[in-house]
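Structure, as structure tokens:
The numbers here are math on the coordinates, done by the rules we state, and not lab data. All of these numbers come straight from a predicted model, not from anything done at the bench. All Cβ positions, even for glycine, are placed from backbone atoms using ideal geometry, and neighbour counts span all protein chains on display.
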Amino acid sequence: MNLYEAIGCRQSVRSYTKREAPEHLKSKILSFFEKTSRLNDRIRIELEILEPDAKNVRIKGMWKVEAPYYLALYSETVDGYERNAGYIMEQLVLYMTVKGLGTCYLGGSRPDQPVKNGKKCVILVAFGYPEGKLYRESPLAKRHPLSSLCVFKEEAGEQMKTILKAARLAPSAFNAQPWRFIVYSDRIYVFARKPRISLKAEKGMRDFSMGVMLSHIMLAAEELWMELKTETEEQFAAKAYKNGDYVATLTLR
């Protein structure tokens with residue numbers, strides 16, 4: 001199984017056994033982090049594995065999941081940092097799925113020291129060996145149909161449909177699925193729905209979720225050996241939209 005294949009079977013795991021992950025596996029996770037694709041290479045980021053049972057570490061916040069390990073991603077807080085963090089963390093989550101580990105995003109939780117080396121903890125992910133099933137039995141996740149997410153301006157070929165299906169399966173905060181697409185035969189205009197409540201935290205979670213979704217598109221394009229170009233077009237970025245925000249234009253060849 002590779003990362004793209006893990007998209008179709010990964011599910012959130014909220015119950016874990018006490019089985020310890022071997023040190024070489026934890027080292028591989030940290031090494032893989034250094035190889036992940038980034039939306040912005042200039043944003044300084046840092047990854048840490050937290051072990052509450054082994055060290056003096058406390059996890060605080062809402063919707064906490066008890067797990068033997070937590071992955072903490074820290075980032076400097078510059079423009080686009082939440083989206084970049086989501087893009088990176090989803091690659092790590094899928095990597096851990098491939099390695100037989102369960103994972104669960106904890107959007108409302110933070111370590112007791114949420115700042116490290118001048119970087120803010122953007123997200124925690126609980127992980128470990130699952131008490132129940134690791135993989136989703138049905139490929140039908142609770143997601144909106146593509147007909148609700150996309151406006152098709154031109155007929156989409158099979159490769160484009162495969163990429164959109166991968167985007168559709170992306171997890172999101174509160175399963176909000178904020179992404180919307182205007183689709184042509186060779187390009188996708190990506191938009192993010194406006195948050196229901198105009199709060200900084202909700203916008204941050206939305207932007208993190210958009211990064212998660214964009215990583216699925218990247219992995220699907222790689223699987224299909226397609227060239228993916230991501231750009232921000234000023235003519236769209238400068239325009240105000242009633243129900244959403246322009247994110248990017250994706251060109252696929």
message: Checking the cross-link filter: which lysines have an alpha carbon closer than 25 Å to that of residue 26, excluding same-chain neighbours under 8 positions apart?
response: 18, 35, 55, 60, 64, 99, 116, 119, 120, 133
query: What do you get for Rg/Rh over region 146-252 if you use C-alpha atoms and the Kirkwood form of Rh?
result: 0.95
query: Over region 3-128, what per residue volume does the convex hull of the Cα atoms give, in whole Å³?
result: 106 Å³
Cα centroid of region 206-231 to Cα centroid of region 62-140, whole Å: 18 Å
task: Answer with one residue from 211, 175, 75: the one whose Cα lies farthest towards the positive end of the charge dipole of the chain, charges on Cβ with Lys, Arg +1 and Asp, Glu -1.
output: 175
message: Below 20 Å, Cα to Cα, which lysines can residue 165 reach? Residues fewer than 8 away in the same chain don't count.
response: 142, 153, 229
- request: Please give every one of the aspartates and glutamates within straight-line cross-link reach of residue 194, meaning a C-alpha to C-alpha distance under 13 Å, and leave out same-chain neighbours fewer than 8 residues apart.
  value: 202, 207, 245
- request: Pairs of Cα atoms under 8 Å, at least six residues apart: use those to get the relative contact order of region 175-253, whole percent.
  value: 40 percent
statement: Shape descriptors of the chain over alpha-carbon atoms, Rg and Dmax in angstrom, are 17.9, 56
